[in-house]
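Data first, discussion second: the structure below is written as structure tokens.
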Amino acid sequence: MSAVLRHQARRAAVVGSVLTIVCGGLIGAAPAHAADPPGTVLTQGTATVPGSLAVLADAKRISYTSTNVTGGAITVTGLVLTPKTNKISRTVVWGHGTTGLADQCAPSNNLGVFWPEAEAAIGELLSRGWTVTAPDYQGLGTPEAHPYLVGGSEARAMIDSVKAARQLDSSLSNQYVLDGHSQGGQAALFAGELAPFYDGPLTLRGVAAIAPASNVDLLAPLIPGTPGQGYLVMALYGLAAVQPSFDPMTVLATQAQQRVPVLQSGCLLEILAQYQSLQPRQLLTNGALPSSVVDQLAHYANPAQAPSTAPILLVQGTADEAVPYDITAGVLFPQLDAYDQPVTLVTLEGENHDGAVVASVETVANWIATRFTG
């Protein structure tokens with residue numbers, strides 16, 4: 001989720017009524033095999049990253065094994081950034097905000113969707129001496145469809161990126177922290193819930209989530225008729241990626257259906273631009289989602305369905321145009337606080353969705369430092 005204008009590479013079209021993600025991705029990436037444990041590095045090469053990060057870290061673009069929500073072996077791409085100086089043997093996973101659904105929307109291979117707020121956050125983490133992993137998530141740059149906002153999928157890619165980094169650098173300890181924004185904040189929360197059953201020898205020390213997507217059963221019905229309608233279309237195709245029996249075309253109105261090719265030809269900003277002017281009945285049949293679809297979205301996308309393994313930091317701007325402050329502070333925070341792990345809410349007055357990341361880089365890094373020192 002970002003308001004920064006970028007032009008994306010153009011690619012394939014939609015085949016049939018369900019979006020097919022065409023293989024692009026990392027040159028030389030090998031397919032995952034069931035025999036490869038999650039986190040196995042398959043390919044590695046020098047990565048191009050924003051200049052401010054290149055001076056701080058040695059960057060590698062890797063492909064590595066992970067699993068999907070049904071346990072099947074998949075390949076995920078991403079970055080491993082190792083500080084050039086003052087390195088501390090700890091790892092922080094950065095979960096990026098929404099970039100799109102297509103292969104060209106993988107931040108590890110496209111600086112056009114390496115959002116400025118992500119650059120600021122990662123730069124601060126590197127300056128503290130921590131190795132940073134930045135997964136693309138399933139289906140961004142690899143053959144599978146991208147299960148957008150399917151938290152269990154994103155979570156596995158995040159956790160397995162730590163395992164991959166430790167394979168590349170044996171000096172890294174087993175301690176890690178999850179940090180993310182928007183879609184990535186949601187992913188971090190899910191990873192915190194999944195960790196005790198999935199991260200093996202790793203030790204999760206904390207989860208930082210900035211403006212995380214949550215409570216989509218409350219949020220989704222508010223989206224029709226707003227500039228953020230593209231997010232909802234992407235979420236429907238994310239659901240289709242894990243529920244093959246669901247066809248988004250059955251709930252999208254004719255004018256929305258005609259715009260579906262942008263999901264393959266563009267990334268976030270192009271998608272938002274295509275859908276922002278539609279009226280609710282031009283977006284959805286009858287102008288609203290069926291309750292059954294809302295329930296399915298909530299099942300896959302809502303964090304706080306299980307306790308976290310580690311303390312949580314929530315950061316939220318009061319002027320957020322994409323994730324309402326009231327949902328994070330008034331609904332998500334109490335949901336998380338009902339469990340045993342401590343939850344801290346930091347409110348940023350007047351900050352919007354992306355501004356909250358930039359305004360909180362030191363706050364988040366200081367909190368992570370405390371988590372690593374115990």
Search the structure for amide H atoms under 5 Å from the amide H of G206, placed 1.01 Å from N in the peptide plane, and list their residues when 5 or more places away or on another chain. L178
Have a look at G180, G97, G71 and tell me which one the Gaussian network model of the chain (Cα, springs below 10 Å) gives the largest fluctuation. G71
Give the span of region 185-267's Cα atoms along each principal axis, as three whole-Å numbers ordered largest to smallest. 49, 26, 24
Mind telling me which of S161, S173, S66 comes out most flexible in a GNM of the chain, alpha-carbon contacts under 10 Å? S173
Taking the Cα atoms only, what angle lies between the long axis of helix 183-198 and the longest principal axis of the chain, rounded to 10 degrees? 60
Note, G180: beta-carbon cut-off 12 Å, +1 each Lys/Arg, -1 each Asp/Glu, net -3
Net +/- balance of residues flanking S171 in space, Cβ distance below 13 Å, scoring K and R +1, D and E -1: +2
Final fewest-first order of T75, T285 on the 10 Å Cβ neighbour count is T285, T75
With x for Gly and Pro, the residue-by-residue ³J(HN,Hα) of region 266-274, computed from phi through the Karplus equation 6.51 cos²θ - 1.76 cosθ + 1.60 at θ = phi - 60° and given in whole Hz, is x, 10, 3, 5, 5, 5, 4, 5, 5
Formal net charge of residues neighbouring Y137 (Cβ-Cβ distance under 14 Å; K, R +1; D, E -1): -4
Which residues qualify? For I74, with a placed amide H closer than 5 Å and at least 5 residues away or on another chain, they are S66, T67, N68
Expected output is a single nm value to one decimal: the length gained when fully extending between A369 and I88, i.e. 0.36 nm times separation in residues minus the C-alpha distance. What is it? 100.1 nm
Which whole-Hz ³J(HN,Hα) couplings does region 136-144 yield from phi under the Karplus relation 6.51 cos²θ - 1.76 cosθ + 1.60, θ = phi - 60°, glycine and proline marked x? 7, 5, 4, x, 9, x, 9, x, 5
For T254 and S127, FRET efficiency with R0 = 41 Å and r from the beta-carbon atoms, rounded to 0.05? 0.20
Using a Gaussian network for the chain with springs between C-alpha atoms less than 10 Å apart, which of these wobbles most: G141, G112, G39? G112
Under the rule of -39500 (n - 2.57) per DSSP H run of 4 or more residues, summed and divided by the residues of the chain, what mean residue ellipticity at 222 nm is obtained, to the nearest 500 deg cm²/dmol? -9000 deg cm²/dmol
Approximate spin-label separation S277-L111, in nm, with each point projected 7 Å along Cα-to-Cβ: 3.2
Within the chain, the percent of DSSP beta bridges that are antiparallel, given to the nearest 5, stands at 45
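Only the coordinates and a few stated rules stand behind these numbers; no lab work does. This one's a predicted model, so the numbers in the text were calculated from it and none came from an experiment. Using ideal geometry, Cβ is built from the backbone for each residue, glycine included, and neighbour counts are taken over all protein chains shown.
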